[in-house]
Amino acid sequence: MSEDVSKKNVKLARILLLVALGMFGFGYALVPLYDVLCEWKWLERDRPDAIKKAPEIGYTVDLNREVTVEFMTTLNESTPMVFRTEKKQLKVHPGEYYTVNFYAENKTDKAMVARAIASFSPAVISRYFEKIECFCFSEQTFKAKEAKTMPMRFVINPEIPEEYKTITLSYTFFDNTEKSVKN
């Protein structure tokens, strides 16, 4: 019986070793895949932003509805900046235009190129959130220690479903200096 258990333990150890090696190999293979996907995303973001930039349309303002827009700002861990919004949240009427200012400051002694990437929660809201003017449409160049106030003008399309009462718009700033210098 002891020999049978010993054989089973050896077999189990081999299986676990193969599983561990397989997991390591899978993780190792994800690095090039991640690089390819990230490169594709950056190429996608670097194209003209005609899709996201909306013209200013004369909507009928829905004064009977109010949507709360929350603004969040974050920095990529390697981005040496200060980045914040003037307002943490704003109550808006669908169809009415609003402008919110964001503040960014380069904390280094060197020029920097940075890019803000937006995300929405819930994600489906992005089709109703129309940006007319936004610092996120292109890379931002900062001189050493330079600070900027950057406006974002937007409207919530009045066709937004009634169920959406709160929208969270989050911007993350990325240091894109090295990538911009290479291009």
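Remarks
- Maximal additional length on extending the Ala111-Lys87 stretch stands at 5.9 nm, based on 0.36 nm per residue less the C-alpha distance.
- Cross-linked pairs Lys145/Lys165; Lys131/Lys165; Lys107/Lys165; Lys91/Lys145; Lys143/Lys165: Cα-Cα separations exceed 30 Å for Lys145/Lys165; Lys107/Lys165; Lys91/Lys145; Lys143/Lys165.
- Cβ crowding within 10 Å ranks Val69, Val61, Val155 as Val61, Val69, Val155, fewest other Cβ atoms first.
- Summarising the label geometry, the points placed 7 Å from Cα in the beta-carbon direction at Ser2 and Lys179 lie 6.3 nm from one another.
Values in this text are rule-based calculations from the coordinates and carry no lab data. None of the values given here were measured: they were computed from a predicted structure. Glycine gets a Cβ as well: all are built from the backbone with ideal geometry, and neighbour counts include every protein chain shown.
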